[in-house]
Amino acid sequence: MSISQAIEKVEARYAHQPEFVQAVKEVALTIAPLYDAHPEYKKNKIFERLVEPDRIIAFRINWENDKGEVQVNRGWRVQFSNALGPYKGGVRFHPSVNQSILKFLGFEQIFKNALTGLPMGGGKGGSDFDPKGKTDNDIRRFCYAFMRELHHYVGKDVDVPAGDIGVGSREVSYMFAMYKNLTHEHGGVLTGKGVGFGGSLVRTEATGYGAVYFLENMMAAQNDNIKGKKVLISGAGNVSLHAAEKVFMLGGVPITVSDSKGTLYDEAGLDQQKIDWLKKQKDQNKPLADYVDVYGGEWFAEQKPWQFKGDIAIPSATQNEVNEDDAKLLVENGVKYVVEGANMPLTAKAVDYICLHRVHFAPGKAANAGGVAVSALEMSQNSVRQYKSFDQIDERLKLIMKNIHDSAADASQKYNQTEDGYIDYVAGANIVGFKRVADALCAYGILN
Ligand code: GLU
């Protein structure tokens with residue numbers, strides 16, 4: 001079966017899972033030259049095997065809310081591939097969570113994790129539980145109930161969950177507590193634990209910082225740098241605010257952040273004090289719009305950040321937040337670099353549009369791999385029972401992001417050279433990640 005036949009099969013079988021089909025197609029359309037160079041991949045049906053997860057575990061979560069009412073939610077863990085190491089990937093709590101979303105995230109995670117060069121397979125999990133408006137007691141009870149079900153299927157050498165949208169260190173700590181309680185094991189079953197009881201320094205900052213380190217490498221490849229550049233950032237969660245922080249630290253000017261209610265625009269730029277204020281505000285679930293009363297700037301209700309002039313965009317909110325119209329705005333507004341802080345924040349059409357206009361584009365599986373990379377460093381610190389310093393981890397993170405950049409750029413040159421020298425990081429990242437997994441699967445024979 002050729003790759004195009006395999007895509008058709010996925011499209012027909014999973015027509016009801018559009019995000020998953022989108023993620024599969026993006027990989028499939030870029031790895032053809034690699035596939036042609038490696039007939040053993042076709043023979044071993046590597047692509048057909050990789051689009052089906054090893055297994056999907058689905059479960060029900062019963063819990064009791066603050067008012068004493070019984071609540072029922074659905075939960076899943078998609079164990080996609082453990083070819084390169086234990087299944088690894090976050091847990092997302094959001095009402096939009098369903099099998100399509102988790103399969104797209106799990107599929108991407110296989111290649112993202114492979115790109116880090118660290119020993120991790122790919123997986124993802126989550127629940128349709130909506131943390132918005134819930135009390136701390138609600139969150140705690142839900143996390144306990146979620147792990148009461150999940151603990152059967154995870155383990156430090158089996159499957160290691162972490163955070164994602166709606167799951168930060170508070171939730172990870174509650175889940176870890178339940179796991180520890182049920183199994184009597186204080187191991188590395190989850191990453192993103194609090195520093196002091198198993199967590200790694202830099203894990204909180206890693207995804208946002210890593211995306212900006214990737215950007216630095218991309219800009220260096222164009223003999224450019226971030227100093228004085230205006231940066232449009234969407235989202236106001238962990239990834240966005242740490243991306244803004246690193247942009248500021250490196251002399252760039254972050255001028256927007258956003259949430260589901262609108263966009264905050266501050267032409268003067270976010271500095272450390274403003275970013276610290278935003279972190280606190282978000283931790284307390286208070287409105288982003290209050291910023292204007294404290295620091296000025298402007299609040300644009302119900303709007304996205306792409307209408308403003310800028311040099312760089314780092315979409316860091318959620319999947320498919322940037323559509324083709326937004327992509328047109330980005331190009332019109334002079335944006336030269338787009339770095340995906342979130343997982344698949346650009347629709348396929350948006351990616352096509354900006355690449356056609358030669359905007360330098362870093363796909364999430366390369367650019368946001370810093371988070372999971374530091375998760376792998378947390379796992380290794382847990383295994384040797386020793387902690388590393390902030391600077392040691394930060395240096396490792398920089399090196400990992402540089403290696404991801406360089407290997408993706410090299411693969412783009414080798415397999416997908418364009419006449420004008422434009423680096424196709426989408427193809428490059430997919431090829432490098434896919435090759436590492438495919439080679440392992442070929443070596444294993446037909447198992448997995
Ligand atoms: N959820 C993050 C991601 O999308 C981190 C996963 C992890 O640390 O395991 O990569």
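Every number in this text was worked out from the coordinates using simple rules, so none of it is lab data. Only a predicted model underlies this, so the values are computations on that prediction, with no experimental measurement involved. Cβ: placed from backbone, ideal geometry, glycine included. Neighbour counts: every protein chain shown.
The equivalent ellipsoid that matches the C-alpha gyration tensor of the chain spans semi-axes of 30, 30, 21 angstrom, in descending order.
Just need log10 I(q)/I(0) for segment 10-101 at q = 0.14 Å⁻¹, Debye formula, equal scatterers on the alpha-carbon atoms, no solvent, rounded to two decimals. Treating every Cα as an identical point scatterer, log10 I(q)/I(0) equals -0.68. For segment 154-259, how big is the tail of P(r) above 20 Å, as a whole percent of Cα pairs? Result for the distance tail: 49 percent. 3J(HN,Hα) along segment 436-448, derived from phi through the Karplus expression 6.51 cos²θ - 1.76 cosθ + 1.60 where θ = phi - 60°, amounts to 4, 6, 4, 5, 5, 5, 5, 5, 6, x, 9, 6, 6 Hz, with x in place of Gly and Pro. Comparing Cα centroids, segment 1-80 and segment 351-379 end up 19 angstrom apart. Taken as Cα centroids, segment 118-144 and segment 163-227 sit 15 Å apart, rounded to the nearest whole angstrom. Classify segment 270-412 as rounded, prolate or oblate from the Cα gyration tensor: take a ≥ b ≥ c as the square roots of its eigenvalues, call it rounded if a/c is under 1.5, otherwise prolate when a/b beats b/c and oblate if not. Oblate. A DSSP coil position with no more than 10 other Cβ atoms inside 10 Å describes none of the trypsin sites (Lys or Arg not before Pro) in segment 286-377. Taking trypsin sites (Lys or Arg not before Pro) across segment 14-118, the ones in a DSSP loop with at most 11 further Cβ atoms lying within 10 angstrom of their Cβ are LYS67. The stretch between ASN323 and GLN392, if pulled fully straight at 0.36 nm per residue, gains 21.0 nm over its current Cα-Cα span. Cross-link check: pairs LYS9/LYS132; LYS103/LYS156; LYS304/LYS365 evaluated at a Cα-Cα cut-off of 29 Å; pairs beyond the cut-off: LYS9/LYS132. Annotation note: GluC sites (Glu not before Pro) in segment 345-448 located in DSSP loop regions with a Cβ neighbour count of at most 12 within 10 Å are GLU419.
Spin-label model, LYS45 to ASP410: label points 7 Å out along the Cα-to-beta-carbon direction sit 3.3 nm apart.
Derived scalar couplings between HN and Hα for segment 150-161 equal 5, 4, 5, 10, 10, x, 4, 10, 10, 7, 10, x Hz in order, rounded to whole Hz, by the Karplus curve 6.51 cos²θ - 1.76 cosθ + 1.60 (θ = phi - 60°), x for Gly and Pro.
Among beta bridges from DSSP that stay inside segment 259-348, the antiparallel ones total about 60%.
For the chain, the antiparallel share of DSSP beta bridges with both residues in that region comes to about 55%. Once backbone amide H atoms are built at 1.01 Å from N, LYS88 has GLY121, GLY122, GLY123, VAL160 as its partners under 5 Å, excluding neighbours fewer than 5 places away on the same chain. Rounded to the nearest 5, the antiparallel percentage of DSSP beta bridges internal to segment 1-160 is 75%. Within segment 259-310, all pairs of alpha-carbon atoms sorted by distance into 5 Å bins from zero give the percentages 5, 20, 31, 28, 15, 2, 0. Between ASP283 and GLU298, full extension at 0.36 nm per residue minus the direct alpha carbon distance yields a gain of 3.3 nm. Applied to segment 17-31, the Karplus parametrisation 6.51 cos²θ - 1.76 cosθ + 1.60 on θ = phi - 60° returns per-residue 3J(HN,Hα) values of 10, x, 5, 5, 4, 4, 5, 5, 4, 4, 5, 4, 6, 9, 9 Hz, with x for Gly and Pro. Out of every Cα-Cα pair that segment 17-159 contains, those further apart than 23 angstrom amount to 41 percent.
Quick one: go through segment 1-37 and flag any residue whose amide nitrogen is under 16 Å from the point 7 Å out along the Cα-to-Cβ line of ASN98. Once the point is set 7 Å along Cα→Cβ of ASN98, 13-23 turn out to lie under 16 Å by backbone N, inside segment 1-37.
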